[in-house]
There are 2 protein chains.
Amino acid sequence: VNLLLLEPNELREPGRVRLTDGRAAHLLSVLQVEQGQDVRVGLLDGPRGTGTVTAIDGAAVELQCAFDPAIPEPANVDLLLALPRPKVLRRLWAQIAALGVRRVILTNAERVERDYFDAHVLAPECYRPLLIEGLQQARDTRLPIVSIHRRFRVLVEDELDAMCGDAVRAVAHPGAPTTIPALVAQRGGERLLMAIGPEGGWNTFELSLLEAHGFQRVGMGQRTLRSDTACVALLAIAHTAMEEST
Amino acid sequence: VNLLLLEPNELREPGRVRLTDGRAAHLLSVLQVEQGQDVRVGLLDGPRGTGTVTAIDGAAVELQCAFDPAIPEPANVDLLLALPRPKVLRRLWAQIAALGVRRVILTNAERVERDYFDAHVLAPECYRPLLIEGLQQARDTRLPIVSIHRRFRVLVEDELDAMCGDAVRAVAHPGAPTTIPALVAQRGGERLLMAIGPEGGWNTFELSLLEAHGFQRVGMGQRTLRSDTACVALLAIAHTAMEEST
């Protein structure tokens, strides 16, 4: 944990918080804080700051926090991801949040198994703590906005514009000659929406629908990657490309 | 498995192989091959090709293989990695091979726990099958060359030149202003050696020693990533940068 995240409703008086859960245990047993010590804190979807330990009372820790005036910018990358296997998605949540994604748009596709949608890992009470774990690792406060879409066509035709506006749209496709940095350099723009298909890829209809709605194929060489590796790899490349272009 | 890898010594007569292990089981139960069917095959550190099923005999499968004339180029990225926790390294092996790395140089560092060196995951009989799994996923035949170094200084001062020659050298450092694509664009070169530190980073001596031996700091923004995420992310960025520059 490189930044201790607090929920806005945990602040009792301005800047004061009393922790009794795993975060208090982490402060006491891993960081071994003492009274008067400063720790890095952040307010979910709010500013970062410094928390000073004002009291330690058994397993509870009280902090007096001072927050920065500015709130971190939300990430400029959105992820449209065909729902992966629950085991893979469980591994991905923290990594997605750590890499920085504004919206995680999970969608159905022909090659997504139907029962993936019943997985526990799609419940906010399961994925929210994993996202927060990733934010705390990366010292970010901006929680990705997650939405789950069972109808691919409705998503692409009717819902995507409202969610991602004028983001440059890319769809990962093995062997496509254009790379993400080349696309970003060519199209500019302040946001990038990156679509990643299921194991086995999008089918022809899905790929055509994406292309008809502004997605351009991008590749990363001839290698076929496992979907969790592909996801981390493509998000990392996307971030670097966005950074290079500004 | 997108490419079935064979060991050169498994070929009995030219191009003929009889499989009885997990690969035969994969052909029969996952791919459900029949006699006469073609599957993609590759020879470890050799060419790719096509294998035709010539006989199915209980749990054994016989293939007659025809190989391409050319052997895939080895990857142009080398990885110098401070030995991660065994659990993390176990997850990484297949991903490293899938992304494509010529050499994996594992090293000690101050913030590497000593007992990591005793881990089973450093034994070739443990990691080799994981590397092969990654190659089969990515359709590559080039097995990364793995070496393990307990003395960081000896490695950097005396051994690295012979292993990585004139590769451009980069060391990942949070917040460094230069990005990998910028370094590669500026320095050119046909190979890149990417150094990634332990959780908690290199110490001052280690970082200075690397810099004294030609490593340039590269960053990927302000985010601190878990070492497995950082490793996949940096290798992906390195590959794309190398591809863009050629």
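The residues of segment B:204-220 that are open to solvent by less than 40 Å² (accessible area, probe 1.4 Å) and without any contact (Cβ under 8 Å) to a residue 40 or more places away in the chain amount to a single one, B:207.
Among the conditions (1) at pLDDT 95 or above; (2) basic (Lys, Arg); (3) touching an Asp or Glu at 6+ places or on another chain (Cβ under 8 Å), residue A:91 misses just one, which is (1).
When residue A:201 is tested against (1) away from chain B (no Cβ under 14 Å); (2) surrounded by 15 or more Cβ atoms within 10 Å (Cβ to Cβ); (3) more than 17 Å from residue A:101 (Cα to Cα), only condition (1) is not met. Of the numbered criteria (1) touching a residue at least 12 places away in the same chain (Cβ under 8 Å); (2) within 25 Å of residue A:88 (Cα to Cα), the one residue A:191 fails is (2). Against the definition (within 14 Å of chain A (Cβ to nearest Cβ) and crowded, with 23+ Cβ neighbours inside 10 Å), how does residue B:223 come out, yes or no? Spelling it out, residue B:223 is indeed within 14 Å of chain A (Cβ to nearest Cβ) and crowded, with 23+ Cβ neighbours inside 10 Å. Set side by side, the residues B:92, B:6 differ, and just one is in contact with a helix residue (DSSP H, G or I) (Cβ under 6 Å, 6 or more places away or on another chain) and not polar (S, T, N, Q), which is B:92. Going residue by residue through segment B:141-161, is there one that turns out to be of a type in the set (D, E, K, R), without any contact (Cβ under 8 Å) to a residue 12 or more places away in the chain and out of contact with any strand residue (DSSP E or B) (no Cβ under 9 Å at 6 or more places or on another chain)? Within segment B:141-161 (the criterion being of a type in the set (D, E, K, R), without any contact (Cβ under 8 Å) to a residue 12 or more places away in the chain and out of contact with any strand residue (DSSP E or B) (no Cβ under 9 Å at 6 or more places or on another chain)), the answer is yes, since at least one residue qualifies. Might you check whether a residue that is at pLDDT below 95 and among the acidic types (Asp, Glu) occurs anywhere in segment B:55-66? So far as segment B:55-66 goes, yes, one or more of its residues are at pLDDT below 95 and among the acidic types (Asp, Glu).
Counting only residues that are facing chain B (nearest Cβ under 8 Å), open to solvent by 10 Å² or more (accessible area, probe 1.4 Å) and within 11 Å of residue A:88 (Cα to Cα), how many does segment A:226-246 have? Of the residues in that region, 1 qualify.
Please determine whether any residue of segment A:143-161 is in contact with a Ser or Thr (Cβ under 9 Å, 6 or more places away or on another chain), open to solvent by 20 Å² or more (accessible area, probe 1.4 Å) and of a type in the set (Asp, Glu). Scanning segment A:143-161 turns up at least one residue that is in contact with a Ser or Thr (Cβ under 9 Å, 6 or more places away or on another chain), open to solvent by 20 Å² or more (accessible area, probe 1.4 Å) and of a type in the set (Asp, Glu). Going through (1) outside any helix (DSSP H, G or I); (2) more than 11 Å from chain B (Cβ to nearest Cβ); (3) crowded, with 18+ Cβ neighbours inside 10 Å one by one, residue A:190 falls short only on (3). Checking segment A:10-20 against the condition returns no match, with no residue being assigned to a loop (DSSP other than H, G, I, E, B) and within 14 Å of another protein chain (Cβ to nearest Cβ). The sole residue among A:42, A:51, A:58, A:36 that is over 26 Å from residue A:126 (Cβ atoms) and open to solvent by less than 10 Å² (accessible area, probe 1.4 Å) is A:51. Of all the numbered requirements in (1) part of a helix (DSSP H, G or I); (2) farther than 30 Å from residue B:206 by Cα; (3) open to solvent by 70 Å² or more (accessible area, probe 1.4 Å), residue B:23 misses one, and that requirement is (3). Does at least one position in segment B:117-139 carry a residue that is under 19 Å from residue B:101 (Cα atoms), open to solvent by 40 Å² or more (accessible area, probe 1.4 Å) and β-branched (Val, Ile, Thr)? No - not one qualifying residue is present in segment B:117-139. Report yes if some residue within segment A:95-115 is crowded, with 21+ Cβ neighbours inside 10 Å, touching a residue at least 40 places away in the same chain (Cβ under 8 Å) and on the phi > 0 side of the Ramachandran plot; otherwise report no. Looking through segment A:95-115, at least one residue is crowded, with 21+ Cβ neighbours inside 10 Å, touching a residue at least 40 places away in the same chain (Cβ under 8 Å) and on the phi > 0 side of the Ramachandran plot.
Of the numbered criteria (1) small (Gly, Ala, Ser); (2) in a helix (DSSP H, G or I); (3) more than 9 Å from chain B (Cβ to nearest Cβ), the one residue A:214 fails is (2).
The values are calculated or read from the model by the stated rules, or taken from the named source; none is laboratory data. In this text the structure is predicted, and so the values were computed from the model without any measurement. All Cβ positions, even for glycine, are placed from backbone atoms using ideal geometry, and neighbour counts span all protein chains on display. These area figures cover heavy atoms from the full protein model, side chains too; ligands, DNA and RNA do not enter into them. Shrake-Rupley method; radii C 1.70, N 1.55, O 1.52, S 1.80 Å.
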